[in-house]
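**Student:** Have a look at this one before I ask anything.
The values are calculated or read from the model by the stated rules, or taken from the named source; none is laboratory data. Keep in mind it's a predicted model, so treat the numbers as computed, not measured. Here the Cβ positions follow ideal geometry from the backbone for every residue, glycine too, while neighbour counts run over all protein chains shown.
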Amino acid sequence: MDLTWLSANPGLSLLSLLVIAFAVILLSKWIRYIPNNRVGIVEKLISGKGSVKTGLIALGGEAGFQPQLLRGGWHFLTPFQYRIHKMPLVTIPQGKIGYVFARDGKDLPSSQALASNARGADFQDVLAFIQGGGEKGPQRQILREGMYAINLVQFVVLTEDQVYYLPLDKSEVETFQKMSAIIAERGGWRPVIIKGTDDAVGIVTVHDGPSLASGEIIASTVGEDPHQAATYHNNFQDADKFLAAGGQRGRQYQVLVEGTYYINRLFATVELIPKTVVDVGTVGVVVSYTGAKGADISGLDYRHGELVTMGQRGVWSDPLLPGKYAFNTYAGKVLMVPTTNFILKWSKGEVGSHKFDENLTEVSLITKDAFEPSLPLSVVVHIDYRKAPLVIQRFGDIKKLVEQTLDPMVSAYFKNIGQTRTLIQLIQDRSAIQEQSGTQMKEKFAQYNLELQEVLIGTPTSGAPGGQIEQILVQLRSRQIADEQVETYGRQQSAAVKERELREAEARAKQQTLLTESAIGIEVQSNQGKAEYAKAQQQAAQIQTLAGAEAEKVRLMGEGEAKRIKVMAEAQAEQAARVGIAQAMAIEEQVRAYGGPQFQLVQQVMNRFAEAIEKSQVDVVPKIHMGGGDKGGGSLIESLLGLLLSEKAGQLAGVVPTAANPEAEALKAALRQNLTK
């Protein structure tokens, strides 16, 4: 009570105050206020109709929880008859899902896991829900984003953030917590979103409805037209329509593709698996585990299995061509069969890209000459895409075909070939064997719906380095080298012969040129000779004329010269004679004047001696002293001078100094005679 108001009205008595207080309290019991963001759940405490006989909600005005809600505003109620529980509005955020649990309604049948809402239940109208046959328990219908005024006594709403309900019993809390945990585990608070970039499909498993028949592993598509099945139940988003159309509990054949789906996860869960991709160069053969039993279309002559049309149980006769498929791999499997050529290698350590031959090894042979080589092989195989289902139907998959059929067949064939040839023949006849095997094995491969393109045979090996096969191969290589050398030498010999013939031809050609040139030269020289001969004759005549004139000239000149010489000779002779006589007479007089012939000789010798010393550059004073005799020594020059000056010089000259010399006298007389002339 507001004491300020009392202090402002001091005239009021205590009784008046009590009356006012009672009136206020009574008024608060009659008038109730509900905020606009909340709802009021009415619990009737006193009723003339008694209490609720069955269920939780009082549908006929009995005492108990009433189906109607009080919304925001003022409400007039009889005091002490009603209790109001104010509860929040239920809010489902954007992109989230809310789940509903009904506390009152019809009991669930034993075949159901969730309450049916086939009659269009409205969770905001409790009276209509119960009178319309609504069932208690977890509901199939879910709440999408938005705000709802729901009676939280009749319904419990579970969201990701909180649980909306009016607590009645502590045991309920555990139940709601379990439900929330299951929903969270299945990702049920959000819709199923399959993105285009995920390249995935959704496999749906339904947890409600009638069970599958015995022997069935997957639920078939509901509806008369499988392609329009989604319209019956909006891709499992309308659970009641799905079940009404004959849907069954279990994994569904129909899949979900790209999109957003608001699916009750208590009703159905979704598993994302990759799409089935059939690459270029392959086809997908479908082996279906479900569908109706179909008639065999492979023919009476084909006894290796049955082929059925698409959608039936068994091996589909039409393979999946390259592309992407939303195929339910729980309903069947797709076996990839290459349609391009692939190589199978019987060689340990070498595996093809498809890995069909990863367990194949070299073929062990026994040759005719008891060698045991290992033969590596490569086989190129092609499968017609139209026959791919027949191959799968017969062998299960390509790897089983290779290991269980092709390997023993190819090995046995080449073992038989090896027994008919020696090791050397096996090596040398490889090309012929390869061609023969390719022709013969094509027929055998065709029996298995395969096309053999080519057989490639490798070099036999012994498996260990330095074995007998390697030694034989070394010998064969040496023999081949020798043969090649013989061939090389033969060709070199032929080349030498050809080269010699070429050289001879070239020489003949070269000489022919020279012969031609020489013949032309002879003719040219002949012509030149004739010209020169004519010219010589002319020159000879000219020379002869000139020579005659010259000879005459010379003769005349000679005669003149002879006469001139004779005159001059006679003059010179006479002059010489006269000069000689004069000299002789002068010499005689000089001899006489200087002591005779001996002195003259000494003088000439000394002149010659001086000239010799001057030319030879001999030292006048000797460097070596010569001594001789007892009378003492002297130089060589002194000795020579003494000798010359002695009387022995005259004796050495052969001139005897006599008083009269007949020869000189005769000479003198002649000179005088000449001089006188």
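**Student:** Show the residue pairs meeting these rules: Cβ distance below 7 Å; 6+ apart or different chains; first residue within region 118-138 and buried (at least 23 other Cβ atoms within 10 Å of the Cβ); second residue in a helix (DSSP H, G or I).
**Tutor:** Pairs that qualify, where the first residue is buried (at least 23 other Cβ atoms within 10 Å of the Cβ) and the partner is in a helix (DSSP H, G or I), are 121/129; 123/129; 138/179.
**Student:** Here's another thing I want to ask about it. Out of the residues in region 318-343 that are touching a His at 6+ places or on another chain (Cβ under 9 Å) and touching a residue at least 60 places away in the same chain (Cβ under 8 Å), which is farthest from residue 389 (Cα to Cα)?
**Tutor:** 341
**Student:** Here's a follow-up. Can you tell me which of (1) in the same structural domain as residue 261 (by TED's automatic domain parsing); (2) at pLDDT 90 or above is the one residue 215 doesn't meet?
**Tutor:** Tallying (1) in the same structural domain as residue 261 (by TED's automatic domain parsing); (2) at pLDDT 90 or above, residue 215 fails exactly one: (2).
**Student:** Just a yes or no: is a residue in region 241-259 closer than 29 Å to residue 335 by Cα, without any contact (Cβ under 8 Å) to a residue 24 or more places away in the chain and not in a strand (DSSP E or B)?
**Tutor:** Looking through region 241-259, none of the residues is closer than 29 Å to residue 335 by Cα, without any contact (Cβ under 8 Å) to a residue 24 or more places away in the chain and not in a strand (DSSP E or B).
**Student:** Go through region 152-171 and give me each residue that's closer than 20 Å to residue 108 by Cβ and either touching a Gly at 6+ places or on another chain (Cβ under 6 Å) or not hydrophobic (A, V, I, L, M, F, W, C) (or both).
**Tutor:** Across region 152-171, the qualifying residues are 154, 157, 165, 169, 171.
**Student:** So, one more: With region 44-90 as the region, which strands (runs of 3 or more DSSP E) entirely inside it contain at least 3 residues that are within 30 Å of residue 107 (Cβ to Cβ)?
**Tutor:** Passing ranges, in order: 64-70, 82-88.
Yes/no per residue for (1) within 35 Å of the chain's Cα centre (by Cα); (2) exposed (fewer than 15 other Cβ atoms within 10 Å of the Cβ); (3) of a type in the set (S, T, N, Q):
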{"site": "389", "(1), (2), (3)": "no, no, no"}
{"site": "399", "(1), (2), (3)": "yes, no, no"}
{"site": "404", "(1), (2), (3)": "no, yes, yes"}
{"site": "410", "(1), (2), (3)": "yes, no, no"}
{"site": "414", "(1), (2), (3)": "no, no, no"}
{"site": "421", "(1), (2), (3)": "no, no, no"}
{"site": "425", "(1), (2), (3)": "no, no, yes"}
{"site": "430", "(1), (2), (3)": "yes, no, no"}
{"site": "435", "(1), (2), (3)": "yes, yes, no"}
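**Student:** Tell me, which residue of region 1-42 that is in a loop (DSSP other than H, G, I, E, B) and over 28 Å from residue 150 (Cα atoms) is modelled with the highest pLDDT?
**Tutor:** By that ranking, first place goes to 13.
**Student:** Of the numbered conditions (1) of a type in the set (Phe, Trp, Tyr); (2) surrounded by fewer than 17 Cβ atoms within 10 Å (Cβ to Cβ); (3) assigned by TED's automatic domain parsing to the domain that holds residue 163, residue 80 satisfies every one except a single condition; which is it?
**Tutor:** Only one criterion in (1) of a type in the set (Phe, Trp, Tyr); (2) surrounded by fewer than 17 Cβ atoms within 10 Å (Cβ to Cβ); (3) assigned by TED's automatic domain parsing to the domain that holds residue 163 is unmet by residue 80, namely (3).
**Student:** Taking the conditions exactly as written (of a type outside the set (Lys, Arg), closer than 15 Å to residue 337 by Cβ, surrounded by fewer than 16 Cβ atoms within 10 Å (Cβ to Cβ) and in contact (Cβ under 8 Å) with a residue 12 or more places away in the chain), does residue 384 satisfy them or not?
**Tutor:** yes
**Student:** Here's something else I'd like to know. Let me confirm something: among 130, 142, 150, which residue is outside the structural domain of residue 239 (by TED's automatic domain parsing), among the β-branched types (Val, Ile, Thr), assigned to a loop (DSSP other than H, G, I, E, B) and modelled with pLDDT of 90 or more?
**Tutor:** From the options 130, 142, 150, the qualifying one is 150.
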